[in-house]
Structure formats: structure tokens, C-alpha cells
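A short write-up of the structure that comes next.
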């Protein structure tokens, strides 16, 4: 039986965000489906016009999710019993806008969104554009780490490292997002847009970690 050494290689890298990502949601609730749809769709169109006003192409605002839910509420009848009563159809759009890191442009985008009347829910994140390059560097880092560990263990044990015979790795999508939070109220967004520049911030670097298991024969 071949003698085997098994080592877990761990990759750790830190990367500076270069992209701003806005997650934007609008919805409307009406008893009639057509009115709920028209209300939410109208808000989505206003958002599209808002980003175009800043200079983005029409298709820059991507739809990530569209859904229609039925909503109910619990009410008590005259006998004290609760029952579910239909309150309407909730039509919702989830959208995303991504662009190169520029806080001045971010301020302008927020100002236009605040003025368009859509009243969306917003989430602002700082991420990286080339996620594939980050993941590739991370795996290369993990492989190098495993090889270094294996060589140290073999040298300390008086044996030689042989042939690599197996690699076990479970791919998982990891969110490449900075921990830095950026929050602005709807009332403050137009005021931010009127300034000559956006806030001077440097988002915290994104910390990414991954691992894989490597097996070599030992001689």
C-alpha cells in the first residue's frame, strides 16, 4: 500500500474594492393585479430614467428578480375568531446597478433616484469587477500553501515528497464584498448630489479565504 500524506492548503488574500454595486427594490400593493403591476412597473421605469439622466446606458440597470405575491392579514370577526383576509397583490422588482468605484458618481446616482419618486429600498456594497481573477489567485495561494506544508512535514519526518495523487475541493460562491457600510437616508440623497464631489471614503479591503485538500505519496 502506498504511503500517503494528506494536507489542507489554505488560501488567504486581501483585495481592494474597485466596483460599487447598488441593489434596488421597488414594489406596489393593490387589490387589483393590474393596478399593482402598473404601479411597480411605473416605479421601475422611473428608476431607469433616473440612471439614464446620470449618463448610464438604458440597459445598465439590470433586473435580478421579478415577483408577484398575494398578501393576507389576520383579522378578528365579531365572534373573536381570527381569519385570513386578502389585502392585495404585491408586485416587486429587484434591480442592480454596478459601476467603477467613484463616490462622486454615486452621489449623483443617489440624488437622481431620490428625486424620481420611486421610493426604492437601497443597499450599497463595495465589491470587485473581476471576481474570476480573485478566485484564481485564491486557489493558487491555497495550492502553494499546501505544497509548503507538505515539504516541511516530509523534511521533519525524514521522508521525501512524491507524486500528487488527488485534490479534493468543493467549489462555493463566496461573496466578494467589503465590510464597509454606506448608508444615506432618502432625504439626504438629493443634498449629497448637489455637492461637487462625493464623500471621501476608502472601503475596507475584502478578505477572502478558501481551502482544498491535497494528497501526495511519500517516498
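Computed FRET efficiency, Cβ-Cβ of residue 16 and residue 170, R0 22 Å: what is it to the nearest 0.05?
Given R0 = 22 Å and the Cβ-Cβ separation, E is 0.20.
Under a point spin-label approximation (7 Å from Cα along Cα-to-Cβ), what is the residue 3-residue 137 distance to one decimal in nm?
Once both label points are built, they end up 3.9 nm from each other.
Just to confirm the number: angle between the C-alpha axis of helix 33-54 and the first principal axis of the chain, 0 to 90 degrees, nearest 10?
With both axes taken from Cα atoms, the answer is about 70 degrees.
With everything on Cα atoms, drop me the angle between helix 131-157 and the longest principal axis of the chain, reported from 0 to 90° to the nearest 10.
30
Taking the Cα atoms only, what angle lies between the long axis of helix 103-115 and the longest principal axis of the chain, rounded to 10 degrees?
Approximately 30 degrees, to the nearest ten.
Among 152, 24, 113, whose mean-square fluctuation peaks in a Gaussian network model of the chain (Cα, cutoff 10 Å)?
Between 152, 24, 113, it is 152 that shows the largest mean-square fluctuation.
Length gain on complete extension for the stretch residue 201 to residue 179, per 0.36 nm per residue less the alpha carbon to alpha carbon distance?
This chain segment gains 6.6 nm when fully extended.
Run the numbers for residue 209 and residue 32: contour at 0.36 nm per residue of separation, minus the present Cα-Cα distance, in nm.
Between residue 209 and residue 32, full extension yields an extra 58.9 nm.
Apply the a/c threshold of 1.5 to the C-alpha gyration tensor of region 84-152 and tell me whether it is rounded, prolate or oblate.
The shape class here is oblate.
What shape does region 1-129 take by its C-alpha gyration tensor, where a ≥ b ≥ c are the square roots of the eigenvalues and a/c under 1.5 counts as rounded, a/b above b/c as prolate, and the rest as oblate?
Oblate, since a/c reaches 1.5 and b/c is not below a/b.
Kindly rank 160-169, 33-42 from highest to lowest mean number of other beta carbons found within 10 Å of each residue.
Packing proxy ranking, top to bottom: 33-42, 160-169.
A short reminder: the numbers here are calculations on the coordinates, not readings from a lab. Remember, predicted model here, so these are calculated numbers, not experimental data. We place every Cβ from the backbone using ideal geometry, glycine too, and count neighbours over all the protein chains shown.
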